Amino acid sequence: MASDPYIIKPNPLDPRLTERVKGIDQTGTAIETSVTVERALTIFLNSQEIVTAMTINDYPDYLALGYLLNQHMLKPDDVVTGIDYDEELAVVVVRTKRKTNYEKKLKKKVQTSGCAQGTVFGDLMEALETVSLPAAELRTSWLYRLTHEINTTPSLYLEAGAIHGCVLAVADRPLIYMEDVGRHNAVDKIAGWMFRHRVLPHDKIFYTTGRLTSEMVIKTVRMGIPILISRSGFTAWGVELARKANLTLIGRARGKRFVALAGAERIVFDQDLTHVEEESAKHRRKAAMHDD
């Protein structure tokens, strides 16, 4: 791509996000390496404490908004009157015009397989029954250009590891690239950005470096995005929910390869594979053994 397509992308040189730590390697030789910094962030909705999340804390306002949206505590038409962040107290407060009380809802949780204790609430899965995702298309030429651009973008993962990335894209252009120690946090930050800037989801593509679990599917569907892509694999429940919601679900997308297990009717095969490069070892990320 001739110019930088990103609105937001990782900044691996941000000194707040990594630390240099000394240790030894497998030969006993002294080494120094970068490690990702995680911090606790407590999210309030009006006067009620909702959750404490472990996060790299680069976009606390977007994380708080997206978390509340994806837990169905903040509604798409809610008027947010303020977002207050106190770095010293590690607290972010989202204030709404509508009065809120989620004491009962907070007791009704389903723990998911997401990293860092991701949770969804039971009634979110019930909401999938009424979701109707928009018609859209995914050209394979977009898919290959998009995954190559994302995979070669400087990131905290390539700098220090121990982190997940999620990207919001349109056609073959990545727009927002968020990273965090839990992939659900990265998803929530993108959802919060979309809410804050009133970005419509009907023509968007969602990309994640993490597994295609039930949580990832539920959050993507709740955001109204019709296409979800990952370089990693699937869980059976994630596939089942994607088929029920008519979400296009593509995994193991690396180099020339990908597998679609739901919503394949949206895919347009317009790319000659002889012109697609395999993924370089320099940018290869963790993957299931059977994919290598």
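Screening ILE229, ILE225, ILE190 for residues that are part of a strand (DSSP E or B), at pLDDT 95 or above and either in contact with a strand residue (DSSP E or B) (Cβ under 9 Å, 6 or more places away or on another chain) or at negative phi (or both) leaves exactly one candidate, ILE229.
When you look at LYS219, is it among the basic types (Lys, Arg) and under 24 Å from HIS148 (Cβ atoms), yes or no? Spelling it out, it is not the case that LYS219 is among the basic types (Lys, Arg) and under 24 Å from HIS148 (Cβ atoms).
Go through the stretch 24-57 and report how many residues are touching a Pro at 6+ places or on another chain (Cβ under 9 Å) and of a type outside the set (A, V, I, L, M, F, W, C).
Quick first cut of the stretch 24-57, residues touching a Pro at 6+ places or on another chain (Cβ under 9 Å) only: 34, 41, 43.
Now restrict to residues that are of a type outside the set (A, V, I, L, M, F, W, C): 34.
So the answer is 1.
Within the stretch 43-69, the set of residues being touching a Leu at 6+ places or on another chain (Cβ under 7 Å) and in a loop (DSSP other than H, G, I, E, B) comprises ILE56, ASN57, ASP58.
Scanning the stretch 134-169 for residues being of a type in the set (A, V, I, L, M), under 21 Å from ASP188 (Cβ atoms) and open to solvent by less than 20 Å² (accessible area, probe 1.4 Å) gives a total of 6. Among the residues of the stretch 170-187, the one identified as touching a Lys or Arg at 6+ places or on another chain (Cβ under 6 Å), open to solvent by less than 10 Å² (accessible area, probe 1.4 Å) and outside any strand (DSSP E or B) is VAL187. Within the stretch 202-225, is there a residue that is surrounded by fewer than 21 Cβ atoms within 10 Å (Cβ to Cβ) and more than 15 Å from the chain's Cα centre (by Cα)? Checking the stretch 202-225: at least one residue is surrounded by fewer than 21 Cβ atoms within 10 Å (Cβ to Cβ) and more than 15 Å from the chain's Cα centre (by Cα). Scan the stretch 70-87 and tell me whether some residue there is open to solvent by less than 60 Å² (accessible area, probe 1.4 Å), part of a strand (DSSP E or B) and either modelled with pLDDT under 95 or among the small types (Gly, Ala, Ser) (or both). Looking through the stretch 70-87, at least one residue is open to solvent by less than 60 Å² (accessible area, probe 1.4 Å), part of a strand (DSSP E or B) and either modelled with pLDDT under 95 or among the small types (Gly, Ala, Ser) (or both). Pairs linking a residue in the stretch 134-160 that is acidic (Asp, Glu) to a residue that is surrounded by fewer than 21 Cβ atoms within 10 Å (Cβ to Cβ) and assigned to a helix (DSSP H, G or I), with Cβ atoms under 6 Å and 6 or more positions apart or on different chains, are GLU137/ARG266. Number of residues in the stretch 20-43 that are in contact (Cβ under 8 Å) with a residue 12 or more places away in the chain and open to solvent by 50 Å² or more (accessible area, probe 1.4 Å) equals 7. Condition first: of a type in the set (Gly, Ala, Ser) and in contact with a Ser or Thr (Cβ under 7 Å, 6 or more places away or on another chain). Can you find one or more residues in the stretch 48-70 that meet it? Checking the stretch 48-70: not a single residue is of a type in the set (Gly, Ala, Ser) and in contact with a Ser or Thr (Cβ under 7 Å, 6 or more places away or on another chain).
The values are calculated or read from the model by the stated rules, or taken from the named source; none is laboratory data. Nothing here was measured: the structure is a model prediction, and the numbers come from that model. No Cβ is skipped: glycine too gets one built from the backbone with ideal geometry, and neighbour counts run over all protein chains shown. To get the accessible areas, we keep the full protein, side chains included, count just its heavy atoms, and leave off ligands, DNA and RNA. Shrake-Rupley method; radii C 1.70, N 1.55, O 1.52, S 1.80 Å.
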